[in-house]
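Peer 1: Pasting in a structure now, in structure tokens, and then I'll have a few things to ask.
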Amino acid sequence: MSGHLVLLKTSHPQLAQKRIQAAWEEVRERGMSEASLGNMRMLEDEIEDIQAELAFAVTGETLHEKREAVKMLELILPDDAIIGVNSESIALSELQKGARHPQRIMVTNWVDPVYSTLFLEIVGNHTTNTLLLSTVEQLAIEYWGKDPYIIQGDFGVRMPLISALIREAFFLVRNGYATIEDIDRACRNDAGYYLPFAGNLRYMDLMGTYAYGMVMKDLNPELSTDTDLPSSFTELLEKGATGMKAGEGFYKYNEGEHERWEELMQKFSFEIRDLMNKYPFSTVAEEVSAMNKK
């Protein structure tokens, strides 16, 4: 979409080609890019040296897969090429161990659909070259249509925040305070309403931090501190109820529903992106300040 020359290596080339083509047609219909899909080349044979400046690995959430991806990339890329790896639960320092040039390795986490969402989380630690972190951040802002942020440490913040919300949801359902449908409605119709506008902490400022402080003082001791997954959830996984593709997760799905949900999600992602772009996180405070001065 940005006009870069992109080389793609995947273990599922046919599926990737199908999904990329479908996404590209939607991108062109919406006038989001004048670039050509010919700028992307699928690598199907053994990869030899590639003169690329930047590489992203998207792997399963295992240390072995991620280290193998880093090892492969270091063999074929120039020594100064940047390497970004997705990771939600594995420390960046673990990915850097044994690498030839650990200072050029960072964590880069995305949200699907990548071509229509603003999210990009960039994680660097004391080993990572800060200039390279800034380079990726600037590329994301200037070319990729992202609203990125950089975390200094071994882990990102997106997944811990989501996990805390999910843990409390499990606790409420397990103890009979709410149903699965209640949880989804509460999240969608309240937090889902304001989070795209302000985030959690600025919203607290907007509503009044004192009120939140009073509520949290009494509520915090009642929140879940469980360190294990609830049995109801592990039972779902054990019986293969892994979500829409399997026909069952927390809800049951008929044949064809998964595809329809994906279509609606893609449509929604464009619509919410347009709305969020009307109130950009980085400038909305400046707009408020300017209005006050008038």
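The values are calculated or read from the model by the stated rules, or taken from the named source; none is laboratory data. Everything numeric here is computed off the predicted structure, so don't read it as measured data. Here the Cβ positions follow ideal geometry from the backbone for every residue, glycine too, while neighbour counts run over all protein chains shown. Accessible surface areas use protein heavy atoms only, side chains included; no ligands, DNA or RNA. Shrake-Rupley method; radii C 1.70, N 1.55, O 1.52, S 1.80 Å.
Peer 1: How about the stretch 128-146: which of its residues are assigned to a loop (DSSP other than H, G, I, E, B) and crowded, with 16+ Cβ neighbours inside 10 Å?
Peer 2: Thr128, Asn129, Trp144, Gly145, Lys146
Peer 1: Can you tell me which residue is farthest from Ile166 (Cα to Cα) among those in the stretch 196-252 that are outside any loop (DSSP other than H, G, I, E, B) and of a type in the set (Gly, Ala, Ser)? Write out each step before concluding.
Peer 2: Filtering the stretch 196-252 down to residues outside any loop (DSSP other than H, G, I, E, B) leaves 196-207, 209-222, 231-238, 243-246, 248, 252.
Still in the running and of a type in the set (Gly, Ala, Ser): 198-199, 211, 213, 231-232, 243, 246.
Values: Ala198: 21, Gly199: 17, Ala211: 24, Gly213: 22, Ser231: 14, Ser232: 14, Gly243: 16, Ala246: 21 Å.
If we take residues in the stretch 196-252 being outside any loop (DSSP other than H, G, I, E, B) and of a type in the set (Gly, Ala, Ser), then Ala211 is farthest from Ile166 (Cα to Cα).
Peer 1: Restricting the first residue to the stretch 164-189 and requiring it to be in a loop (DSSP other than H, G, I, E, B), which pairs with a second residue that is surrounded by 15 or more Cβ atoms within 10 Å (Cβ to Cβ) meet a Cβ separation below 7 Å and a spacing of at least six or different chains?
Peer 2: Ala178/Leu172; Thr179/Val173
Peer 1: So, one more: Can you find even one residue in the stretch 106-115 that is among the polar types (S, T, N, Q), surrounded by 18 or more Cβ atoms within 10 Å (Cβ to Cβ), in contact with a strand residue (DSSP E or B) (Cβ under 6 Å, 6 or more places away or on another chain) and in a strand (DSSP E or B)?
Peer 2: Checked against the condition, which is being among the polar types (S, T, N, Q), surrounded by 18 or more Cβ atoms within 10 Å (Cβ to Cβ), in contact with a strand residue (DSSP E or B) (Cβ under 6 Å, 6 or more places away or on another chain) and in a strand (DSSP E or B), the stretch 106-115 yields at least one hit.
Peer 1: Let me ask something else. State which residue pairs qualify: first residue closer than 12 Å to Ile82 by Cα and inside the stretch 128-143, second residue in a helix (DSSP H, G or I) and open to solvent by less than 40 Å² (accessible area, probe 1.4 Å) in any location, beta carbons under 7 Å apart, and separation of 6 or more residues or different chains.
Peer 2: Sorted first by the residue in the stretch 128-143, then by its partner, the pairs are Asn129/Arg104; Leu132/Arg104.
Peer 1: Residue under question is Ala81, and the condition is that it be over 19 Å from the mean Cα position of the chain (by Cα) and either under 29 Å from Trp24 (Cβ atoms) or modelled with pLDDT under 95 (or both); does it hold?
Peer 2: yes
Peer 1: Looking at the stretch 25-50, which of the residues that are touching a residue at least 12 places away in the same chain (Cβ under 8 Å) and not in a loop (DSSP other than H, G, I, E, B) is most open to solvent (accessible area, probe 1.4 Å)?
Peer 2: Looking at the filtered set, the residue picked out is Arg41.
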